[in-house]
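Each remark here refers to the structure printed beneath this line.
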Amino acid sequence: MHASSALRVVHEPDTGVDLAAAEVAAAAFLQALGISTESESLQGTPRRMAKAYAELFTPRPFDLTTFPNEEGYDELVLARAIPVRSVCEHHLLPFVGVAHVGYLPGERILGLSKLARVVEHFACRPQVQERLTKQVADWLNDQLSPKGVGVVIEAEHNCMTLRGVQAVGSSTVTSTLLGSLRSDSRSRQEFFALTGVNA
Ligand SMILES: [Zn+2]
């Protein structure tokens with residue numbers, strides 16, 4: 001039997017979700033923008049808006065199970081192109097893209113699918129991309145005590161592409177490197193080469 005340790009990861013919103021209050025507020029918001037919700041098609045829109053945002057801000061709980069690194073695996077473990085879907089906290093519009101998450105194992109390793117769950121965990125709240133990138137890296141660093149962690153996120157922000165400067169097709173790249181992925185240039189280069197990001 002392999003020794004494993006599991007941690008239930010649940011993000012509790014600060015004040016809980018009051019869907020009824022959110023629906024009333026969404027209706028008032030639309031009305032203030034001059035959008036009538038009289039028609040059959042728009043009648044349910046405030047309710048759907050409330051539910052949609054509640055869903056975007058509620059990550060699924062998951063079990064983070066880590067295992068001892070019995071084989072002494074010491075090469076980079078990298079999950080590429082993990083889908084990222086979050087909401088910019090400045091405009092409450094979505095930003096969507098991919099994350100590349102890697103680590104150099106120390107004493108413990110974890111299932112690859114969990115890297116995607118960690119990204120989702122921190123993405124399901126009002127966010128800025130820089131903080132999201134750092135939170136994923138810091139959390140893995142704390143939970144796994146790896147030799148190094150690297151997180152790169154490339155995302156398109158609707159608040160930039162649909163309005164304002166309307167920079168259609170532009171994406172924003174952020175990265176956080178910790179441990180030897182930060183301090184060792186060979187590891188760093190290998191990480192960026194494998195992610196396909198020019199850095
Ligand atoms: Zn924004």
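None of the figures in this text is laboratory data; all of them are computed from the coordinates on show. Small disclaimer: the values here were computed from a predicted structure and weren't measured. Methodologically, a virtual Cβ is constructed for each residue, glycine included, from the backbone with ideal geometry; neighbour enumeration extends over all protein chains shown.
Taking 25 Å as the straight-line reach from the Cα of K134, the lysines in range (excluding those fewer than 8 positions away in the same chain) are K114, K147.
Between the residues T161, V17, F191, the greatest Cα displacement towards the positive end of the dipole of the chain, with unit charges on the Cβ of Lys, Arg, Asp and Glu, is found for T161. Remark: region 35-155 carries a charge dipole of roughly 360 debye about the Cα centre, counting +1 on each Lys and Arg Cβ and -1 on each Asp and Glu Cβ. Subtracting the Cα-Cα distance of V165 and R60 from 0.36 nm times their residue separation leaves 34.4 nm of extension gain. Taking the charge dipole of the chain about its Cα centre, with +1 at Lys and Arg Cβ atoms and -1 at Asp and Glu Cβ atoms, the residue from H90, G148, F57 reaching farthest to the positive side is H90. All other residues whose Cβ lies under 15 angstrom from that of D63 are scored, Lys and Arg at +1 and Asp and Glu at -1, for a net of +4.
Ordering H157, H11, H90 by the number of other Cβ atoms within 10 Å of each residue's own Cβ, fewest first, gives H90, H11, H157.
Give the range of the longest stretch in the chain that excludes all GluC sites (Glu not before Pro) found in loop regions by DSSP and having at most 15 other beta-carbon atoms within 10 Å.
Numbers: sites that count: E38, E70, E71, E75, E89, E107.
Segment 108-199 is the longest.
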